[in-house]
Amino acid sequence: MTQTASRHLTIVGAGLAGALLATLLARRGWDIDVFERRGDPRVEGYAGGRSINLALAERGLNALRIAGIADAVLDQAVMMRGRMVHFADGSQQLQRYGRDDSEVIWSVSRGELNITLLDAAETAGAKLHFDRRLETVDFDASVATFLGDGAHAHRFQALIGADGAGSTLRREMNRATPLGERIDPLGHGYKELEIPPAADGGFRMEPNALHIWPRGRYMCIALPNDERTFTVTLFLPSRDDGKPGDPSFETVLTGEDARALFARDFADALPLIPDLVEDFETHPTGTLSTLSLERWSLGDKAVLLGDAAHAMVPFHGQGMNCAFEDCVALAEHLQGHRDRGDAFAAFASERLPNARAIQQMALENYLEMRERVDDADFLLQRALERALAERHPERFVPRYAMVTFSCMPYATAFERGQVQRELLVEATRGRTSLEGIDWAWLDAEVARRLPLLAAQA
Ligand code: FAD
Ligand code: 8RB
């Protein structure tokens with residue numbers, strides 16, 4: 001399709017989504033400028049310094065394959081086969097995520113991933129401009145102003161907002177026409193701590209797992225880094241609930257408070273985190289919220305994607321994966337529509353319901369991770385879920401697997417997940433084991449309520 005004179009796009013933000021989108025579009029012949037607030041991490045080192053890792057799953061990996069960089073990223077990744085649950089009594093149990101090593105997630109370093117993506121974008125022909133922070137946008141004049149050694153006016157045809165949860169483009173679009181923005185704070189925050197390598201240079205815990213310490217109203221997790229460290233994240237309620245012994249960021253204030261909390265609740269992790277007190281006091285406490293908008297685009301002038309459009313809580317490990325899926329979808333809509341405004345609108349109407357679905361599933365996964373992993377009813381439902389998935393692989397796929405190991409629309413995973421959960425609850429009600437389950441009835445209900453996956457795709 002020819003789009004003379006309108007093959008130019010300006011991307012705001014060279015984070016994960018911005019750099020990937022630039023690659024996808026530049027490879028298809030688009031003329032791309034990317035403006036990034038920070039310096040070039042390939043020159044200055046990755047801002048923030050600390051090693052932060054992310055879980056990469058099938059949706060993100062699929063997008064990286066399309067961009068031709070999946071192998072380069074996997075080379076630096078650590079495989080995570082399942083959850084390693086650390087119980088309060090010190091025992092541990094690996095709960096596999098998938099059927100075998102083809103169903104795993106990957107821990108990747110944000111800094112290294114961003115660098116791989118920036119190299120790919122440049123190789124594809126995108127022009128990257130660092131130390132350029134979007135400040136204001138005049139949509140009538142089609143001029144954006146960027147700051148960084150002075151003010152730079154940039155004439156644009158269209159702006160794509162990949163500038164993250166605190167998006168300036170979103171703020172500017174909202175000023176022009178309200179986007180129907182809503183921010184729902186979770187009421188829980190997080191703190192990152194580090195487990196260094198062991199004295200012999202190896203990992204101090206099982207490397208091929210995502211570690212979870214579920215403790216009811218709060219939890220810790222840890223992801224491996226390829227430098228043989230782990231990044232530990234402590235999630236706690238922000239406010240105190242008044243019950244003695246329930247920790248929150250209001251009561252766990254100092255590094256010593258944190259050490260006491262670990263000694264009581266995460267005793268096996270405490271000796272692995274030598275700088276716990278210092279880490280706790282020097283690292284900022286992060287806040288978590290869900291951002292939703294009713295509209296993502298402004299005519300043919302601007303569109304948002306990734307965290308700028310739909311920041312979510314982290315508990316499904318899908319923020320980046322979803323942002324990458326957005327990039328593939330937007331690139332396809334831009335190729336497929338003659339009119340750019342139509343492409344933006346079609347992109348938003350495809351992705352908005354899917355973003356809502358993963359945002360909701362991410363909220364639900366916090367409960368599952370922090371309190372349900374060691375609950376008897378939950379474990380029985382889990383056992384039945386595995387049995388049904390084996391009996392009906394073409395119909396019954398655990399929700400976690402639909403989200404993590406497939407690229408079916410999130411909204412479909414959400415809907416099928418509801419039906420499956422109802423079945424699991426009905427079939428296990430009042431039971432303590434799978435003995436005596438009415439398999440004939442269950443098999444018939446599965447066939448009746450869950451259409452064949454191939455038929456739905
Ligand atoms: P970002 O990656 O945040 O990029 C935004 C970019 O825009 C940045 O480079 C920023 O400097 C730039 N920018 C901002 N404002 C301006 C401006 N005014 N002008 C120019 N540039 C600007 N997701 C997962 O899928 N799995 C995980 O395991 C996971 N773990 C996470 C762990 C942590 C600690 C955090 C914080 C997030 C995690 N996420 C994870 C979520 C994931 O990081 C985000 O969903 C993803 O980075 C979104 O990509 P983005 O490009 O939309 O935003
Ligand atoms: N943002 C993850 C999962 C699901 C694991 C499971 C959960 C930390 C901030 Cl909390 C979390 C998952 O259900 O067994 N997969 O990947 C990543 C997670 O947290 C990331 C590291 C994180 N994201 C602000 C902190």
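The values are calculated or read from the model by the stated rules, or taken from the named source; none is laboratory data. All values derive from a computational prediction rather than experimental measurement. We place every Cβ from the backbone using ideal geometry, glycine too, and count neighbours over all the protein chains shown. Ligands, DNA and RNA are excluded from the accessible area calculation, which covers all protein heavy atoms including side chains. Shrake-Rupley method; radii C 1.70, N 1.55, O 1.52, S 1.80 Å.
Evaluating 6.51 cos²θ - 1.76 cosθ + 1.60 at θ = phi - 60° for every residue in the stretch 439-452, the Karplus couplings come out as 5, 4, 4, 4, 4, 5, 5, 4, 5, 6, 9, 10, x, 3 Hz, glycine and proline recorded as x.
Net charge within 9 Å of residue 306 by Cβ-Cβ distance, Lys/Arg positive one each and Asp/Glu negative one each, not counting residue 306 itself?
Once all neighbours under 9 Å are counted, the net charge is -3.
Tell me, what HN-Hα J-couplings in whole Hz come from the Karplus equation 6.51 cos²θ - 1.76 cosθ + 1.60 at θ = phi - 60° for each residue of the stretch 322-336, using x for Gly and Pro? For the stretch 322-336, the Karplus curve yields 5, 4, 5, 5, 4, 4, 4, 5, 5, 4, 5, 5, 5, 6, x Hz. Restriction of the GluC sites (Glu not before Pro) in the stretch 238-337 to DSSP coil positions whose beta-carbon has at most 14 other beta-carbons within 10 angstrom yields 250, 294. On full extension, the segment bounded by residue 339 and residue 92 gains 83.4 nm, given 0.36 nm per residue less the C-alpha separation. Surface exposure of the stretch 304-416, expressed per residue as accessible area with a 1.4 Å probe, stands at 34 Å². A dipole drawn for the stretch 372-440 from +1 and -1 charges on Cβ atoms has a positive end, and of 378, 423, 396 the residue lying farthest that way is 396. Computed from backbone phi, the HN-Hα couplings of the stretch 282-298 come to 9, 7, x, 7, x, 10, 10, 8, 10, 10, 10, 10, 7, 9, 10, 10, 10 Hz, rounded to whole numbers (Karplus: 6.51 cos²θ - 1.76 cosθ + 1.60, θ = phi - 60°; Gly and Pro given as x).
For the chain, what is the charge dipole size about the Cα centre, in debye to the nearest 20, if Lys and Arg each add +1 at the Cβ and Asp and Glu each add -1 at the Cβ?
Value, rounded to 20: 1020 debye.
Here is the list for the stretch 275-382: trypsin sites (Lys or Arg not before Pro) lying in DSSP coil, each with at most 12 other C-beta atoms within 10 angstrom of its C-beta, are 338. Around the Cα centre of the stretch 288-420, unit charges on the Cβ atoms of Lys, Arg, Asp and Glu (plus for the first two, minus for the last two) sum to a dipole of about 120 debye. Between the beta carbons of residue 438 and residue 275, assuming R0 = 51 Å, the FRET efficiency works out to 0.40 to the nearest 0.05.
How charged is the neighbourhood of residue 132? Take every other residue with its Cβ under 13 Å from the Cβ of residue 132, and add Lys/Arg as +1 and Asp/Glu as -1. Every neighbour counted, the sum reads -3. A straight line joining the Cα centroids of the stretch 406-440 and the stretch 256-270 runs 37 Å.
How large is the accessible surface per residue of the stretch 120-214, computed with a 1.4 Å probe and reported in Å² as a whole number?
Spelled out: the 1.4 Å probe surface of the stretch 120-214, per residue, equals 46 Å².
Around the amide H of residue 290, modelled in the peptide plane, lie the amide H atoms of 184, 186, all under 5 Å away and 5 or more residues distant in sequence or on another chain. With helices as the sole contributors, the chain gives -12000 deg cm²/dmol at 222 nm; each DSSP H run of n ≥ 4 counts as -39500 (n - 2.57), and the sum is divided by every residue. Using the alpha-carbon atoms, what tilt in degrees (0 to 90, nearest 10) does helix 16-27 show relative to the longest principal axis of the chain? Helix 16-27 and the main axis of the chain meet at about 50 degrees.
Taking the accessible area of the chain, probe 1.4 Å, and keeping the other protein chains in place, the carbon and sulfur fraction comes to 49%. Farthest toward the positive end of the dipole of the stretch 137-248, out of 186, 222, 160, is the Cα of 186, where the dipole comes from beta carbon charges about the Cα centre. Cα centroid separation, the stretch 209-245 to the stretch 103-142: 30 Å.
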